[in-house]
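Structure record follows, encoded as structure tokens.
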Amino acid sequence: MTNKINITLSTTKKEKPASNQLEFGRVFTDHMFVMDYSSSKGWYDPRIVPYEPITLSPSSMVFHYGQTVFEGLKAYRTKDDKVLLFRPDKNFQRLNLSNDRLCIPQIDEEFLIDALKQLVSIDKDWIPTAEGTSLYIRPFIIPTEYYLGVAPSKFYRFMIILSPVGSYYKEGIHPVKIFVENQYIRAVEGGTGKAKTGGNYASSLKAQDEAEKRGYSQVLWLDGVEKKYIEEVGSMNIFFKINGEIVTPSLNGSILEGVTRNSILQILNHWGVPVSERRLSMEEVYQAYKDGLLEEAFGSGTAAVISPIGEFFYKEEKMLINNGETGELSKKLYDTLTGIQTGVYEDVFNWVVEVK
Ligand SMILES: *Cc1c(COP(=O)(O)O)cnc(C)c1O
């Protein structure tokens, strides 16, 4: 593959939204990165071009069998006007894991980091500056062969688009209410749960919709075999603090390994906080709650970073956690992670990558 990225700059600049009006994923920057694949050429023609719609035949495979993968990460602007990416190597590593599961060809990860840096650099005026805001980065791959047969596509398009996003917590970090899902399943071992693929999200919508109608903001997913063991919360990984120890479900083949999850585990180890990655049943969490030992619970993911859980609805009962308030450890982890991401805290783990 030639590593030279062709750049075509946009002749017009779109108006940027005010930072207090930013939503998630509604507005996109002036440019995007595009690269194509064919079995004969491999990945070819990497280019940065003006953000614009793309044209595909209705028979393009992307519209039919869901052979897609994506990633999500963020760029942050520091107080002294530097631009930082948070562990982009982990995202592109995971992209290749997802690619492998979905029969999509591998991509050179070093090259992708370089391409991302060039794209973010070109659109860096789009990175909002207000507290809690950032530039959300969405790399994704679609199959582009015009064919209705069920088989891996022979052609693909890889793209990166950028979207300035507001603070996830408009009124400061606050806990959410979670419905423990006992009917629908997100993923099973052997399925696609550990890949970041659109189908996992499509199959989660119904449960999410029903939970919202009951007044809950997300669902807690249990394992697909026994419906007993805790897997994830919404599209986040999950942690509990039980009697002083942090417990998170071990990666079992159906859980998506979050970059945030991995970072939290490293931070906790660094702090010397006892952590255990193991199989954890909802019954065990319920028992800990009954015994007064369930101290905190939170989700983790790029969008919210840490999302404290104030209540679970389980077996027709409301389990209130930490009085429905954000726990001390949840808050400390949130401050630490966002501090490192925005250059306020020292990057002792060597996680941030500067975009010049
Ligand atoms: C993306 C994702 C996460 C969180 O991953 P991060 O890398 O921390 O953003 C967790 N669970 C699911 C199902 C996901 O798709």
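Read-outs throughout are calculated quantities, based only on the coordinates presented, and are distinct from any laboratory measurement. Every value quoted in this text rests on a predicted model; they were computed, and no experiment measured them. Reconstructed Cβ throughout: ideal geometry from the backbone, glycine too, with neighbour counts over all protein chains shown.
Please find, in a Gaussian network model of the chain (springs between Cα atoms separated by less than 10 Å), the residue of Gly172, Gly253, Gly327 whose mean-square fluctuation is greatest.
Result for the chain, Cα springs under 10 Å: Gly172 fluctuates most.
Tell me the angle of helix 88-101 to the major Cα principal axis of the chain, expressed in degrees between 0 and 90 and rounded to the nearest ten.
Rounded to the nearest ten degrees, it is 90.
If you take every DSSP beta bridge fully contained in segment 6-165, what fraction is antiparallel? Give it as a percent rounded to 5.
Working: 32 of 34 bridges.
Counting only bridges with both partners in segment 6-165, antiparallel ones make up about 95 percent.
Under the √(5λ) rule applied to the eigenvalues of the Cα gyration tensor, what semi-axes describe the equivalent ellipsoid of segment 54-166? Give them in Å, descending. Please report the intermediate quantities before stating the final value.
Working: eigenvalues 188, 44, 23 Å².
In descending order the semi-axes read 31, 15, 11 Å.
Given a 10 angstrom Cα cut-off, can you work out which residue in Asp114, Asp30, Asp81 is the most mobile in a GNM of the chain?
Comparing Asp114, Asp30, Asp81 in a Gaussian network model of the chain, the most mobile one is Asp81.
Where the only charges are on Cβ atoms (+1 Lys, Arg; -1 Asp, Glu), what is the dipole of the chain about its Cα centre, to the nearest 20 debye? Mind showing how you got there, number by number?
On the way: 40 positive and 46 negative charges, 145 e Å.
Result for the chain is approximately 700 debye, rounded to the nearest 20.
How long, wide and thick is the chain, going by the Cα atoms along their three principal axes, in whole angstroms, largest first?
Here the Cα extents, ordered largest to smallest, are 62, 52, 36 Å.
Grab the beta carbon distance between Lys228 and His270, set R0 = 30 Å, and tell me the FRET efficiency rounded to 0.05. Walk me through the numbers on the way to the answer.
Details: r = 32 Å, r/R0 = 1.07.
That pair, Lys228 with His270, gives E of 0.40.
Gain in length, Val49 to Ala202, computed as 0.36 nm per residue apart minus the alpha-carbon separation, to one decimal in nm?
Details: separation 153, 0.36 × 153 = 55.08 nm, distance 2.96 nm.
Stretched out fully, the Val49 to Ala202 stretch lengthens by 52.1 nm.
To check you understand DSSP bridge types, tell me what percent of the beta bridges within the chain (both residues inside) are antiparallel, rounded to 5. Please list the in-between numbers first.
Details: 58 of 71 bridges.
Rounded to the nearest five, the antiparallel share is 80 percent.
Under 15 Å from the 7 Å Cα→Cβ point of Glu189, by amide nitrogen: which residues of segment 238-254?
249-254
About the Cα centre, and with charges only on the beta carbon of Lys, Arg (+1) and Asp, Glu (-1), how big is the dipole of segment 199-299? Nearest 20 debye, please. Walk me through the intermediate numbers first.
Working: 10 positive and 15 negative charges, 20 e Å.
The calculated dipole for segment 199-299 is roughly 100 debye.
Simple spin-label model, 7 Å along Cα-to-Cβ: Val150 to Lys318 in nm?
In this crude label model, Val150 to Lys318 measures out at 4.5 nm.
Cα-based Rg (one decimal) and Dmax (whole number) for segment 66-111, in Å?
Here Rg and the maximum Cα pair distance are 13.5, 43 Å.
May I ask you to sort His31, His270 by Cβ crowding, counting other Cβ atoms within 10 Å and putting the fewest first? Walk me through the numbers before you get to the answer.
Numbers: His31 25, His270 11.
Least to most surrounded, the residues fall as His270, His31.
Using a Gaussian network for the chain with springs between C-alpha atoms less than 10 Å apart, which of these wobbles most: Asp223, Asp291, Asp335?
Of Asp223, Asp291, Asp335, the most mobile in the Gaussian network model is Asp291.
Evaluate the relative contact order of the chain (contact order divided by residue number), counting alpha-carbon pairs under 8 angstrom at least 6 apart; express in whole percent. Walk me through the numbers on the way to the answer.
Values: 718 pairs, mean separation 65.1, N = 356.
Computed value for the chain: 18 percent relative contact order.
Between Met236, Ala202, Leu222, whose Cα lies farthest towards the positive end of the dipole of segment 176-341 when Lys and Arg beta carbons carry +1 and Asp and Glu beta carbons carry -1, centred on the Cα centre?
Ala202
From the helices alone, meaning DSSP H stretches of at least four residues, give me the mean residue ellipticity at 222 nm for the chain, per-run term -39500 (n - 2.57), in deg cm²/dmol to the nearest 500.
On the way: 7 runs with 78 residues, N = 356.
Per the formula, -6500 deg cm²/dmol.
I want to check the label-to-label distance for Arg279 and Ser10. Put each point 7 Å from Cα in the C-beta direction and report it in nm to one decimal.
Reported label-point gap for Arg279 and Ser10 is 5.1 nm.
Any chance you could get the radius of gyration and Dmax over the Cα atoms of segment 176-341, in Å?
Reported Rg and Dmax, both Å: 14.8, 41.
Working from Cα positions, state the angle (0 to 90°, nearest 10) between the long axis of helix 259-271 and the longest principal axis of the chain.
Helix 259-271 and the main axis of the chain meet at about 50 degrees.
If the viscosity is 0.890 mPa s and the temperature 25 °C, what translational diffusion coefficient in µm²/s does Stokes-Einstein give for segment 227-325 when Rh comes from Kirkwood over Cα pairs?
On the way: Rh = 13.7 Å.
So the translational diffusion coefficient is about 179 µm²/s.
Which whole-number percent is the relative contact order of segment 27-165 (Cα, under 8 Å, 6+ apart)?
Values: 258 pairs, mean separation 52.4, N = 139.
That works out to 38 percent.
Can you tell me how much longer the chain between Val348 and Phe63 gets when fully stretched, taken as 0.36 nm per residue apart minus their C-alpha distance, in nm with one decimal?
Numbers: separation 285, 0.36 × 285 = 102.60 nm, distance 4.41 nm.
Here the answer is 98.2 nm.
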